[in-house]
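Have a look at the structure below, then the notes.
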Amino acid sequence: MDRIISTLVIEDEPMALRNMVFLLTTNFPQIHITGTASSVRESVEWLRAHRGQDAPDLIFMDVELSDGDCFGIFRETIITSQVVITTAYDSYAVKAFETGSIDYLLKPVDVESLRRAVSRVEERLRSGSASPASPDFGKACEEFRSRFLIRLGDRILPVNTGDIAYLYSESKNSWIVTRQGRSYVMDESLDTIEKNLDPSMFFRISRSAIVAEGVIDSISKLLGGRLKIILKKGVEERTDLTVSRARSDAFLSWMSR
């Protein structure tokens, strides 16, 4: 009989969790589900309680959880398991593989992709290969994005972070606007994108916009303590770039560094 693979499933959507558990237990008799979690906090608590010999061999880990992205788990606890990332968005692929995940499955997850992932895990376990939890894993999770991957139909376009003028949200979509005037819709929320940006290069001016350094020509004061950003010539403004009153002082401090 194949080696039993103890498995933790981290997923915040109840239906997706039930589906993953069903697919694993129905098609892979060697998989033994030892636990489930639905948030970064719950995952960290579970992993801290199951260390050493009690640690799972494998973790299926959704990216966007109820209280943050899964990469936060690695900043708070040591992982000694093989990790398979599951997500509805392909924009996390580079970061997932840079941090050592053994596979990256796009939702809806099917049996064939699971078979590939489980096979890779079994090969790692047989050979005794190093797990993703190397000393560099947490460090890699903390690095800021150098580029974003934009899905355009059947193509994937890389956009370097240094080319971004600003980002904004509108009608439940997030948009990147480049310094060259191109705009692209993003799969990730503005909150998630902000966590991956270097705060020395980008500032969240309001709930709906983030602006990059180097594209601001001037700032004008508005009533109520708000600030209006005027962009440099050639940078197209596609949304209202107004600094909220609550963020004005912090923004001016950021600008005066």
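Do you know the Lys pair count in the chain for C-alpha distances under 23 Å, with sequence separation 8 or more or different chains?
9
Could you compute the net charge surrounding Asp12? Neighbours are other residues with a C-beta less than 14 Å from the C-beta of Asp12; K and R count +1, D and E count -1. It would help to have the intermediate numbers written out before the result.
Values: positive: Arg18, Arg41, Lys107; negative: Glu11, Glu13, Glu42, Asp62, Glu64, Asp67, Asp69.
With Lys, Arg at +1 and Asp, Glu at -1, the net is -4.
How high is the relative contact order of the chain, in percent, with contacts defined as C-alpha pairs under 8 Å that are six or more residues apart? Can you show the working numbers first?
Details: 424 pairs, mean separation 28.4, N = 257.
The value is 11 percent.
Relative to the longest principal axis of the C-alpha atoms of the chain, give the angle of the C-alpha long axis of helix 14-27, reported between 0 and 90° and rounded to the nearest 10°.
Tilt of helix 14-27: around 30 degrees.
What value, in deg cm²/dmol to 500, does the helix sum -39500 (n - 2.57) over DSSP H runs of n ≥ 4 give at 222 nm once divided by the residues of the chain? Don't jump to the answer; show the numbers that get you there.
Numbers: 8 runs with 75 residues, N = 257.
-8500 deg cm²/dmol, from helical runs alone.
About the Cα centre of segment 147-255, how large is the charge dipole given +1 on each Lys and Arg Cβ and -1 on each Asp and Glu Cβ? Please answer in debye to the nearest 20. Mind showing how you got there, number by number?
Numbers: 17 positive and 14 negative charges, 49 e Å.
Taking the Cα centre of segment 147-255 as origin, the dipole is about 240 debye.
Cα atoms only: what Rg and Dmax, in Å, come out for the chain?
Rg, Dmax (Cα atoms, Å): 21.1, 73.
Every read-out reported here was derived from the displayed coordinates using simple, explicitly stated rules and does not represent laboratory data. These figures come from a predicted structure and were not determined experimentally. Don't worry about glycine lacking a Cβ; one is built from the backbone with ideal geometry, like all the others, and counts go over all protein chains shown.
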